[in-house]
Amino acid sequence: MDFSGALNIVLVLVASCLLFLLACRKKKFKNLPPGPTPLPFIGNMHQVDLSGTYGPMYTFHLGSRPCVVLSGYKVLKEALIDKAEEFSGRGDFPAVQMWSNGNGEPCRWRSLRRFAISTLKNFGMGKRSLEERIKEEAQFLMAEFRKTQGKPFDPTFFLSCAGSNIICTLVFGDRFEYTDKKFLTLLDLINSNWKLMSSTWGQLLFTFPKIMRHVPGPHRLIYKNYLKLAEFVRERIEMNRETLDSNHMRDFIDCFLIKLQQVPPIYLRTMSKTTVNLFFAGTETVSSTLRYGLRILLRHPEVEEKLHEEIDRVIGPNRSPCMEDRSRMPYTDAVLHEIQRYADIVPMGVPHTVTRDIEFRGYTLPKDLNIIPLLCTSQFDPTQFKNPNSFDPTHFLDENGRFRKNDALMAFSAGKRVCLGESLAIMELFIFLTSILQSFNLKPLMDPKDIDITPESSGLGNIPRPYQFCLLPR
Ligand code: HEM
């Protein structure tokens, strides 16, 4: 056979394979919600909330992968809460999977999640003992703030140290000094990854994981940073292993090491991954919310004034704030909820998948289909909040000034994969913020009206604009 004959056969074979794959794909995805036509290669990444055109549920192509986007409180509730089991799979998360190969298999995530929650509870998550630890850390934070002597500074690093030290106590059994070089390097790695995942490069990686893995650019740092975090965790695991005493468990890592002896399917690699994920998820989220919250208060001095009034009346100047105070501080509670709503620090949620073929709102969603729960569309849903685009604490207050819950606030997501650090994060946010305002007045460096409270960039996270301000002792 001559060369052109062979080439023709190859081309016919390739074309047939492609047609066959396309036909299978079409069959699998035959009844998805409508959505924009996918453009070759660039997907639909540049358009995000298309609910105005396609309704609360639409198909959006991330590169070649179809994803179903859920938009607005109603559909998010129907999926994540009413059909919690079916929507509980973990979707593609390339920035992390690039390193971890994923651990989304149903049995593995379920048992790991159960193990993580019960172990963190054993070490005090959601309990009095951890509250004491947070109160102690708040005092370390206040001491650092006092050292600024009313001069302008950027709070990022201090807030990261405080937030991270709480998760470090649980995971590594100890806190770090704010001057500890290794700790600061780790925080820098986490902060840099959060920013990269929220940048255009991070979005490109999310959309075209296979291609972007080979393209040079700052997104490659995400992987390198993860490896460094993993290396630190591996060192800590070894330290714990050498001194392990099953009668005296010191931290999450000790419990994991014991579990490793009992349950063979949990491997060292999984252990290191899970620990890094906890460390990462527990550090940047709380500190970003506080950083964003303080900037919002600089923009709204009238809100800060009311917070001072409530703190002075309920707590006074002579004792540390505690969680019991919260029920007597409806205004502070409402402001914290509104900060979480407005700051909206995980706007697109974390991708889910459906765990089996299901019919949902008249569409057929095949098993493993990626689902993007656009949490921001619930937090800013005009049918649930009267003034969604403004910072307005009355969203969480009734006409008598009492705290009023609103289920459309989905900062921690909802359902089976709801943030597992929610109770811990709520404690930290309340105690850190009230401690700051009990001790200091916030002083902006410009006219409050000129402070821009929109995010600097938005991707996995909403990143607040960098800023400096002064803290004046009260
Ligand atoms: C203000 C602070 C926080 C916010 C806004 C937040 C938000 C979220 C969101 C939106 C998710 C995705 C849930 C989903 O897939 O539907 C999540 C998952 C998660 N969060 Fe948080 N989080 C915060 C603090 C924390 C803390 C302090 C920890 C540490 C204990 C933590 C650990 C986790 C973990 C381990 C997951 C994955 C759960 C799973 O896959 O089953 N988070 N968080």
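The values are calculated or read from the model by the stated rules, or taken from the named source; none is laboratory data. What you see is a predicted model; the values in this text were computed from it and never measured. Every residue, glycine among them, receives a Cβ derived from its backbone with ideal geometry; neighbour counts consider all protein chains shown. Just the protein is used for accessible areas: all its heavy atoms, side chains included, with ligands, DNA and RNA removed. Shrake-Rupley method; radii C 1.70, N 1.55, O 1.52, S 1.80 Å.
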* **Positive-end residue of Thr355, Met271, Ile431, charge dipole of the chain with Cβ unit charges** => Thr355
* **segment 162-183 residues near the modelled Arg250 label - backbone nitrogen below 11 Å, point 7 Å along Cα→Cβ** => 172-175
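How large is the helix-only mean residue ellipticity at 222 nm for the chain, computed as the sum of -39500 (n - 2.57) over DSSP H runs with n ≥ 4, divided by its residue count, in deg cm²/dmol to the nearest 500?
Rounded to the nearest 500, the figure is -16500 deg cm²/dmol.
Could you look at segment 31-473 and say what percent of its accessible area is carbon and sulfur, using a 1.4 Å probe and all protein chains?
Working: 10390 of 18990 Å².
Roughly 55 percent, rounded to a whole number.
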* In nm, give the distance between the simple-model label positions of Lys74 and Asn318, each being 7 Å from the Cα along the Cα-to-Cβ direction. => 5.5
* Structure fact -> Applied in sequence order to segment 387-397, the curve 6.51 cos²θ - 1.76 cosθ + 1.60 (Karplus, θ = phi - 60°) yields integer Hz couplings, x standing for Gly and Pro, of 9, x, 8, 10, 7, 9, x, 5, 4, 10, 10
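Hey, can you find the accessible area per residue of the chain for me, probe 1.4 Å, expressed in square angstrom?
On the way: 21960 Å² over 474 residues.
Here the residues of the chain average 46 Å² of exposed surface.
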* Looking at Phe123, Pro56, Phe145, which one has the Cα that reaches farthest to the positive end of the dipole of the chain (charges on Cβ: Lys, Arg +1; Asp, Glu -1)? -> Pro56
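If Lys and Arg each add +1 and Asp and Glu each add -1, what is the summed charge of the other residues whose beta carbon sits under 12 Å from the beta carbon of Arg234? Intermediate results must be reported in sequence, preceding the final value.
Working: positive: Lys228, Arg236, Arg241, Arg269, Lys273; negative: Glu231, Glu235, Glu238.
The answer is +2.
Given 0.36 nm per residue, what is the gain on full extension from Cys470 to Glu85 after removing their alpha carbon distance, in nm? Working shown, then result.
Numbers: separation 385, 0.36 × 385 = 138.60 nm, distance 4.76 nm.
In short, 133.8 nm is gained.
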* **Candidate aspartates and glutamates for bridging to Lys367, where Cα separation is under 13 Å - those fewer than 8 sequence places away on the same chain excluded** => Glu85, Glu86, Glu105, Asp357, Glu359
* Just the Kirkwood number for segment 156-229, please: inverse of mean 1/r across all distinct Cα pairs, in Å, one decimal. => 13.5
* To do: Mind pulling the angle between the C-alpha long axis of helix 268-299 and the longest principal axis of the chain? Nearest 10 degrees, somewhere in 0 to 90.
  => 60
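Do the alpha carbons of any pairs in Lys224/Lys259; Lys228/Lys273; Lys210/Lys273 sit beyond 19 Å of each other, and which pairs?
Going by Cα-Cα distance, Lys224/Lys259; Lys210/Lys273 fall outside the 19 Å limit.
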* Structure fact -> Arg404 and Ser390 label points (each 7 Å along its Cα→Cβ direction) are spaced in nm at 1.6
* To do: Let me have the relative contact order for segment 331-371, percent, based on Cα pairs under 8 Å that are six or more residues apart.
  => 31
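On average over all directions, what projected area in square nanometres does segment 154-278 have, based on the convex hull of its Cα atoms? Can you show the working numbers first?
Numbers: hull surface 37.1 nm².
Convex hull of Cα atoms, orientation-averaged projection: 9.3 nm².
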* For helix 181-197, report the angle its Cα long axis makes with the longest principal axis of the Cα atoms of the chain; keep it between 0 and 90° and round to the nearest 10°. => 50
* **Degrees separating the helix 330-343 axis from the principal Cα axis of the chain, which is the longest one** => 30
* Keeping all protein chains in position, work out how much accessible area Arg146 exposes to a 1.4 Å probe, and write it in Å² to the nearest 10. => 120
* Structure fact -> Lys30 and Thr179 label points (each 7 Å along its Cα→Cβ direction) are spaced in nm at 7.0
* Just the number, please: Stokes-Einstein D of segment 31-473 in µm²/s, Kirkwood Rh from C-alpha pairs, 10 °C, 1.306 mPa s. => 70
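Protein chains only, probe 1.4 Å: how do Arg465, Arg341, Arg319 rank by accessible area, largest first?
Arg319, Arg465, Arg341
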